[in-house]
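Notes to accompany the following structure.
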Amino acid sequence: MPEEPCQCPDCLRFYREHDRLIRECPTLRQQQELNWAALQSFRTLCGRVLEDFQKQKISKADELSVGDGKQKQLDKSNDDAINQAISELENINAHLFSIEALMERIFDVRVPDEIENKFREISGELAPDPLNADRLRLNRLLHQTPDLPDKA
């Protein structure tokens, strides 16, 4: 593991978000709720985008049936891109459903107040730690993922 945390914009943004989420949601219950809400919003957005692409595909198919040959060729490359997007979004949704099943198990866990207090105590120690193992693990993931939004 590196001695110093990475200072690239992606990692700095992650550190700020990581610390904010721990400070604002320092208990097990709050972390459960936060993760559940994030998962559900991700599923909702992906599902809606998938629906939109599927409707677009259907309307393009209707248009292609009456178009001329040259237009059909142009629309074919666009159709391939839409099909690829639909396929990727279906994969994402399948993974999100799997995560949801796991999260339901985590959400069932209830702990006594003493444990919640320990979460609060530890959260005060974790949030400002730039060498936290989770951060360093994410650094490696961020730098192995060339398709993040801010990557050139």
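The values are calculated or read from the model by the stated rules, or taken from the named source; none is laboratory data. In this text the structure is predicted, and so the values were computed from the model without any measurement. Cβ atoms come from the backbone with ideal geometry, glycine included; neighbour counts cover every protein chain shown.
Per the listing ILE99, ILE82, the residue uniquely surrounded by 13 or more Cβ atoms within 10 Å (Cβ to Cβ), without any contact (Cβ under 8 Å) to a residue 40 or more places away in the chain and on the phi < 0 side of the Ramachandran plot is ILE82.
Which members of the stretch 12-31 meet the condition of being of a type outside the set (Val, Ile, Thr), in a helix (DSSP H, G or I) and crowded, with 18+ Cβ neighbours inside 10 Å? Once the filter is applied, which keeps residues that are of a type outside the set (Val, Ile, Thr), in a helix (DSSP H, G or I) and crowded, with 18+ Cβ neighbours inside 10 Å, the stretch 12-31 yields PHE14, TYR15, HIS18, ASP19. In the stretch 60-69, is there at least one residue being part of a helix (DSSP H, G or I) and modelled with pLDDT of 85 or more? Taking every residue of the stretch 60-69 in turn, none turns out to be part of a helix (DSSP H, G or I) and modelled with pLDDT of 85 or more.
Just one residue in the set LEU45, LEU131, LEU136 is out of contact with any helix residue (DSSP H, G or I) (no Cβ under 9 Å at 6 or more places or on another chain), under 28 Å from CYS8 (Cβ atoms) and modelled with pLDDT of 95 or more; that residue is LEU45.
The set of residues in the stretch 92-128 being part of a loop (DSSP other than H, G, I, E, B) and of a type in the set (Asp, Glu) consists of ASP108 alone. Within the option set GLU51, GLU90, GLU114, GLU100, being more than 29 Å from ARG16 (Cβ to Cβ), under 15 Å from the mean Cα position of the chain (by Cα) and at pLDDT 90 or above holds for one residue only, GLU90.
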